[in-house]
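Encoded as structure tokens, the structure appears first; notes follow it.
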Amino acid sequence: MNAPLKITKIGNSAGVILPKEVLARLRVGLGDSLYVSEAPDGIRLTANNPDFEAKMALAEQIMREDRDILRVLAQ
């Protein structure tokens, strides 16, 4: 999808109105949060917190590697 977005004034700030199709692809609605992060090719807009995803990936890796130790500690 390649659609131009218009920047509008909202109080003392500026905002962008996202089309319904973009909201559907992001799986977000009114009141949800979006995260902006820098990417090698520009700016990335996601519904998921990239920092949280990185931490969860690290936690899953640790749990896979230390599965036996965690099983003993859980008893």
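Since every read-out is calculated from the coordinates, none of them should be taken as a lab result. Because the structure is predicted, anything quoted here is derived from the model rather than measured. Note that we place each Cβ from the backbone using ideal geometry, even for glycine, and neighbour counts take in every protein chain shown.
Key figures
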{"read-out": "Neighbour cut-off at most 16 other Cβ (10 Å), DSSP loop, trypsin sites (Lys or Arg not before Pro), the range 2-34", "value": "Lys6, Arg27"}
{"read-out": "Whole-Hz ³J(HN,Hα) from phi, Karplus 6.51 cos²θ - 1.76 cosθ + 1.60, for the range 3-19, glycine and proline x", "value": "10, x, 10, 9, 8, 10, 7, 10, x, 8, 10, 10, x, 10, 8, 8, x"}
{"read-out": "Order of Thr8, Thr46 - criterion: other Cβ atoms within 10 Å of each residue's Cβ, fewest first", "value": "Thr8, Thr46"}
{"read-out": "MRE, 222 nm, helices only [DSSP H, n ≥ 4, -39500 (n - 2.57), over the chain, to nearest 500]", "value": "-12500 deg cm²/dmol"}
{"read-out": "Where Rh is the Kirkwood radius over Cα pairs, Rg/Rh for the chain", "value": "1.20"}
{"read-out": "Gain in span if fully extended, Gln75 to Gln61, counting 0.36 nm per residue against the direct Cα distance", "value": "2.9 nm"}
